[in-house]
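This report concerns only the one structure given below.
The values are calculated or read from the model by the stated rules, or taken from the named source; none is laboratory data. Just so it is clear, the structure is predicted and the values come from calculations on it, not from any experiment. Backbone-built Cβ (ideal geometry, glycine too); neighbour counts: all protein chains shown. Protein only, heavy atoms only, side chains kept; ligands, DNA and RNA dropped before computing areas. Shrake-Rupley method; radii C 1.70, N 1.55, O 1.52, S 1.80 Å.
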Amino acid sequence: MRVASVMTETIVGEFVNESSNTAERALGITEFDTLAALESESIHIFREVAGEFERPVILFSGGKDSTVLLHLALKAFWPAPLPFALLHVDTGHNLPEVLEFRDKIVEKYGLRLHVAKVEDYLADGRLAERPDGIRNPLQTVPLLDGIAEHRFDAVFGGGRRDEERSRAKERIFSLRNAFGQWDPKRQRPELWNLYNGRHAPGEHVRVFPLSNWTELDIWRYIAREDIDLASIYYTHERPVYQRDGMWMTPGVWGGPREGEVLETRSVRYRTVGDGSSTGAILSEAADNEAILAEVAASRLTERGATRGDDRVSEAAMEDRKREGYF
């Protein structure tokens with residue numbers, strides 16, 4: 001699809017260049033680039049799901065990808081209100097700036113937000129803390145319970161194929177069985193923009209409208225649309241300590257350990273995850289232009305650079321997806 005989008009851009013670009021200004025005005029073509037093609041594809045997916053499923057929901061964490069996802073969803077149905085609710089799995093280890101941003105966005109657009117809390121499961125014994133203290137993997141059970149409780153049949157996620165190898169395997173419509181599990185062998189072919197939403201009672205479909213976007217596309221779109229983000233994505237001074245090559249923030253999840261030195265540095269976050277497993281990077285990037293230059297120069301994806309839970313094993317994310325993770 002990405003290739004098709006680029007080809008479309010090239011064909012249309014050549015057409016526009018060869019045409020007169022009069023032809024451009026007649027066609028209403030003023031700008032058509034990769035971002036426009038990606039936006040068009042994402043909006044088409046939102047509308048396709050709205051017409052094909054009964055109870056869709058958007059996973060919203062307050063991170064940059066889910067914020068762009070929400071922006072596209074609002075745009076897909078504007079000026080009508082968003083026909084979907086939001087679902088957030090709160091690990092209890094989220095950075096406070098992200099939760100404040102989540103609540104601000106919900107209030108601004110008058111959205112319905114469901115919150116599944118990992119701490120509720122820890123309190124009544126349905127889950128137990130892991131020895132390493134990381135709670136990201138504990139999100140799966142509350143997520144699946146939330147989907148079952150509200151009978152959601154389509155769940156939008158902000159996953160992108162460039163983030164991590166198991167995400168690169170997923171189709172835009174990803175069928176999950178009655179236990180919420182992903183079986184790569186049951187994926188259906190997706191030709192052009194034809195999606196198969198057929199599912200049996202109890203099954204649901206995960207939908208990824210940002211599959212063909214890259215991290216750079218996300219930041220270019222944020223800059224072009226002037227999308228508001230949580231403040232942690234931009235440089236700020238914060239007490240941090242180094243662990244496994246990442247700059248970690250102390251919090252309710254603990255740290256620093258013996259031998260780890262707390263110091264104040266200028267950092268920013270490339271991705272939002274559990275505070276016990278997600279690190280910041282040293283950065284002076286204070287605006288979208290500086291971040292675009294920083295991301296363009298990076299040789300690591302945001303997950304590879306700052307997500308400790310993905311370093312457990314090469315198949316860590318795929319194992320969690322098979323269990324029902326995002």
In region 241-257, what residues are in contact (Cβ under 8 Å) with a residue 40 or more places away in the chain and more than 25 Å from the chain's Cα centre (by Cα)?
-> GLY254
Pairs only if they're at least six apart or on different chains, beta carbon under 6 angstrom, first in region 196-209 and assigned to a loop (DSSP other than H, G, I, E, B), second surrounded by 13 or more Cβ atoms within 10 Å (Cβ to Cβ) and of a type in the set (Ser, Thr, Tyr); list them, first residue then second.
-> PRO209/SER42
Could you list all residues from region 172-204 that are under 22 Å from ILE218 (Cα atoms) and crowded, with 18+ Cβ neighbours inside 10 Å?
-> ILE172, PHE173, SER174
Out of (1) over 22 Å from ASN288 (Cβ atoms); (2) touching a residue at least 24 places away in the same chain (Cβ under 8 Å); (3) of a type in the set (Ser, Thr, Tyr), the odd one out for SER66 is which?
-> (1)
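Which one is farthest from PRO56 (Cα to Cα), of the residues in region 123-138 that are out of contact with any Leu (no Cβ under 8 Å at 6 or more places or on another chain) and open to solvent by less than 50 Å² (accessible area, probe 1.4 Å)?
Checking each candidate, the answer is GLY133.
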Residues (open to solvent by 10 Å² or more (accessible area, probe 1.4 Å) and of a type in the set (D, E, K, R)) located in region 63-108 = ASP65, LYS75, ASP90, GLU97, GLU100, ARG102, ASP103, LYS104, GLU107, LYS108
Looking at this structure, is ALA223 farther than 30 Å from PHE53 by Cα and open to solvent by less than 60 Å² (accessible area, probe 1.4 Å)?
-> yes
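In region 215-268, which residue that is part of a loop (DSSP other than H, G, I, E, B) and aromatic (Phe, Trp, Tyr) is farthest from LEU72 (Cα to Cα)?
TRP253
Only one residue in THR278, THR264, THR271, THR306 is modelled with pLDDT under 75, at negative phi and either surrounded by 18 or more Cβ atoms within 10 Å (Cβ to Cβ) or touching a Lys or Arg at 6+ places or on another chain (Cβ under 8 Å) (or both), so which one is that?
Testing whether each residue is modelled with pLDDT under 75, at negative phi and either surrounded by 18 or more Cβ atoms within 10 Å (Cβ to Cβ) or touching a Lys or Arg at 6+ places or on another chain (Cβ under 8 Å) (or both) leaves just THR306.
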Checking LYS104, LYS108, LYS75 in turn, the sole residue that is of a type in the set (Lys, Arg), in contact (Cβ under 8 Å) with a residue 12 or more places away in the chain and out of contact with any His (no Cβ under 9 Å at 6 or more places or on another chain) turns out to be LYS75
Looking only at residues in region 27-46 that are modelled with pLDDT of 95 or more and among the β-branched types (Val, Ile, Thr), which one is surrounded by the fewest Cβ atoms within 10 Å (Cβ to Cβ)?
-> ILE43
